Amino acid sequence: MKIDFLDRGFATEGTLVIRAFEGKKLQGIAADVDKKTDGSLTRAIAAKDFKGKKDEAIRLIAPNGLKISEIILFGLGKESDITPLSLEELGAKVTAALERCKDKSAFIHFPALSTKTLDENTATAHVAYGALLRTWKFDKYQTKKKDQPACALKTLGFMTDSPKAAKKAFEPLNHIAEGVFLTRHVVSEPPNVIYPESLAKIAKDLKKLGVGVEVLNESQMKKLGMNALLGVGQGSIRDSQLVVLTWKGGPKNQAPLAVVGKGVTFDTGGISLKPAQDMDDMKYDMAGSGVVLGLIRALAGRKAKVNVVGVMGLTENMPSGSAQRPGDIVTSMSGQTIEILNTDAEGRLVLADALWYTQSRFKPQAMIDLATLTGAIVVSLGSEYAGLFSNDDTLAERLKSAGDITGEKLWRLPLGDAYDKDIDSVVADVKNIGSGRGAGSITAAQFLQRFVNDVPWAHLDIAGTAWDKKGRPLSVKGATAFGVRLLNQWIQTHYE
Ligand code: BES
Ligand code: MN
Ligand code: ZN
């Protein structure tokens, strides 16, 4: 799909998309359209009792008096309620509404807003961004459907007073979308295609954008003492990998921000094998690493003025004759010994070494990890919010606000000594599951905290939000890339 910004004018082909605010008369292009169609729009509005509320829409097919094939009028709600996110969601609705049309082009008019915080060109860019985010699909394996696309649409043309300014406002958003798409792509690919080495190879492509890419293999990790991560992968025939991405867009002596992702390319549970039902879902157990990859792609694309390191802990959790057993004790890179009581609680083992490595090598000013860590977070929060855990109130607040802006909502859950005691082991320093059945997401976060060495840190449990079975406003069902836009926003607001 091509996104274009054009001079305001009247569309002579394709679909025309216009908007109306709640309780306001038709203005500008909408008033023109009404005149040219002999009052059809006014009649349609009356017939459907259209008020201009958010999510309302009216379609006029083959309007008399005009050459275009369709007019869609979208309600925007009250002008004072407009935010970049609401405009993005509107853009996404435009794409969704055009999905089955035969037109090759659509022209979209969203004329001036009177709000002070958003100028017309920024507003238009956000509508285009939302439209673009919603176009992404994963259909490369549908060999038959591919020949007959549901949608013929090739270009979305956004008409504004200053196409140049709108294009400029759109440019960084376009790079963020590229990052989102990369994340969605690697998360959607099946586990026979995405495994530690193949994902590391995709990460190497970021070199083209000026990103530093280092890949550590098993023997290099062994030398560093990463036995917690390596233990998870020891039942797999695939080599585990640790990918380190560095983006240096900020001042030379600025301590970096660090983003660390769980990257279990398939989680069978290991010897503590998962049930067959829905086990295929565990291909997205590398979503945390997928987000790290997409975020760095976005930052490098838009040349963010900040230093960021991304670390991807990649491994496959398989049962086999060489697999780790429940009861095994491993010594992590930090020196702490871990008793493995359930081989399905593997994400925290991967992160234990990835987090320790990251803080000791890079001394980051803040460290965020993302992980599809627990089924318990899906029970608590479903797919609406991701779980947020942090040892730093300011950091937690900033992340939450960034998520409110991008529509990737976070809900903070507690950490505390009482939960921490629950993972003390009788025979080792720590065990990889809690004693009771309760608070599974918290004891998992508590485990991670033992490996962050007091660096300002936050953990995002994205098990419920990384993949969406119904679809979200800005993504079709499947991989969401939850976290890419959020962390980009957090960085943009506080560190650039
Ligand atoms: N990858 C899973 C968590 C998960 C569940 C992600 C559902 C996405 C959707 C994780 O490795 C896991 O298996 N966690 C266990 C921990 C338990 C054994 C303490 C869980 O949540 O059941
Ligand atoms: Mn598991
Ligand atoms: Zn897992």
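The values are calculated or read from the model by the stated rules, or taken from the named source; none is laboratory data. Computed from a prediction, not measured in an experiment: that's the story for all the values here. So basically every Cβ, Gly included, is an ideal-geometry build from the backbone, and we count neighbours across all protein chains shown. SASA here: full protein model, heavy atoms, side chains in, ligands and nucleic acids out. Shrake-Rupley method; radii C 1.70, N 1.55, O 1.52, S 1.80 Å.
Ignoring solvent entirely, what values of log10 I(q)/I(0) come out of the Debye formula for the range 176-328 at 0.15, 0.18, 0.19 Å⁻¹ when each Cα is a single scatterer?
Those come out to -0.76, -1.01, -1.10, one per q.
Percent of accessible area on the range 297-354 owned by carbon and sulfur, 1.4 Å probe? Let's see the in-between values first.
Working: 820 of 1640 Å².
The C+S portion of the solvent-accessible surface of the range 297-354 is 50 percent.
Filter the trypsin sites (Lys or Arg not before Pro) in the range 214-268 down to the DSSP loop ones having no more than 14 other Cβ atoms within 10 Å, then list what survives.
Details: sites: LYS222, LYS223, ARG238, LYS248, LYS252, LYS262; in loops: ARG238, LYS252.
Answer by residue number: LYS252.
With the other protein chains left in place, how much accessible area per residue, in square angstrom, belongs to the chain at a 1.4 angstrom probe?
On the way: 21030 Å² over 496 residues.
With all protein chains present, the chain gives 42 Å² per residue.
For the range 378-453, max minus min Cα coordinate along each principal axis, in Å, sorted largest first?
46, 28, 16
Compute and list, largest first, the equivalent-ellipsoid semi-axes of the range 329-386 from the alpha carbon gyration tensor, each √(5λ) rounded to a whole angstrom.
Values: eigenvalues 114, 70, 7 Å².
Those come to 24, 19, 6 Å.
Using Cα-only point scatterers and the Debye equation, what is log10 of I(q)/I(0) for the range 212-260 at each q in 0.19, 0.26, 0.30, 0.31 Å⁻¹, rounded to two decimals?
Log10 I(q)/I(0), no solvent term: -0.71, -0.98, -1.14, -1.18.
How large, in percent, is the carbon and sulfur part of the accessible surface of the range 1-83 at a probe radius of 1.4 Å? Could you put the intermediate results ahead of the total?
On the way: 2280 of 4590 Å².
Within the range 1-83, the accessible surface is 50 percent carbon and sulfur.
Considering the convex hull of the alpha carbon atoms of the range 398-496, report its projected area averaged over all viewing directions, in nm², one decimal. Mind showing how you got there, number by number?
Working: hull surface 32.0 nm².
Result: 8.0 nm².
Determine the principal axes of the Cα atoms in the range 286-335, then give the extent along each, sorted from largest to smallest and rounded to whole angstroms.
Over the range 286-335, Cα extents along the principal axes are 47, 25, 12 Å.
If we restrict to alpha carbons, what Rg and Dmax does the chain come to, in Å?
Spelled out, the Cα radius of gyration and Dmax of the chain are 24.6, 83 Å.
Go through LYS140/LYS409; LYS400/LYS470; LYS363/LYS409; LYS164/LYS470 and tell me which ones have a Cα-Cα distance over 32 Å in this structure. Could the numbers behind the result be given before it?
On the way: LYS140/LYS409 30 Å; LYS400/LYS470 24 Å; LYS363/LYS409 28 Å; LYS164/LYS470 37 Å.
Correct reply: LYS164/LYS470.
Roughly speaking, to the nearest percent, how much of the range 389-486's 1.4 Å accessible area is carbon and sulfur?
Numbers: 2040 of 4100 Å².
Within the range 389-486, the accessible surface is 50 percent carbon and sulfur.
Kirkwood Rh and Cα-based Rg: tell me the resulting Rg over Rh for the range 103-224, rounded to two decimals. Intermediate values should be presented prior to the final figure.
Values: Rg = 19.8 Å, Rh = 17.9 Å.
Value, to two decimals: 1.11.
Which whole-number percent gives the relative contact order of the range 225-311, counting Cα pairs below 8 Å spaced six or more residues apart? Could you put the intermediate results ahead of the total?
Numbers: 108 pairs, mean separation 40.0, N = 87.
Rounded, it is 46 percent for the range 225-311.
Could you work out the relative contact order of the range 175-321? I mean the mean sequence separation of Cα pairs under 8 Å and 6+ apart, divided by the number of residues, in percent. List each step's numbers first, then the result.
On the way: 313 pairs, mean separation 57.4, N = 147.
Normalised by residue count, the contact order of the range 175-321 is 39 percent.
Go ahead and collect, in residue order, the members of the range 380-413 whose backbone nitrogen is under 19 Å from a label point 7 Å along the Cα-Cβ direction of LYS469.
It comes to 380-387, nothing else.
Find the relative contact order for the chain and round it to a whole percent, using C-alpha pairs within less than 8 Å whose residues are 6+ positions apart. Walk me through the intermediate numbers first.
Numbers: 1149 pairs, mean separation 71.7, N = 496.
It comes to 14 percent, rounded to a whole number.
Within the set LYS168/LYS208; LYS67/LYS137; LYS2/LYS35; LYS67/LYS104, which residue pairs have Cα atoms separated by over 21 Å? Walk me through the intermediate numbers first.
Values: LYS168/LYS208 23 Å; LYS67/LYS137 31 Å; LYS2/LYS35 31 Å; LYS67/LYS104 14 Å.
Those over the limit are LYS168/LYS208; LYS67/LYS137; LYS2/LYS35.
Beyond 28 Å, what percent of the Cα pairs of the range 241-387 remain? It would help to have the intermediate numbers written out before the result.
On the way: 2642 of 10731 pairs.
Of all Cα-Cα pairs in the range 241-387, 25 percent lie more than 28 Å apart.
What span do the alpha-carbon atoms of the range 29-174 cover on each of the three principal axes, reported in whole Å from largest to smallest?
If we take the Cα atoms of the range 29-174, the spans are 45, 37, 25 Å.
Report, in deg cm²/dmol and to the nearest 500, the calculated mean residue ellipticity at 222 nm for the chain, where each DSSP H run with n ≥ 4 adds -39500 (n - 2.57) and the sum is divided by the residue count. Could you put the intermediate results ahead of the total?
Working: 15 runs with 176 residues, N = 496.
After summing the helix terms and dividing by residue count, I get -11000 deg cm²/dmol.
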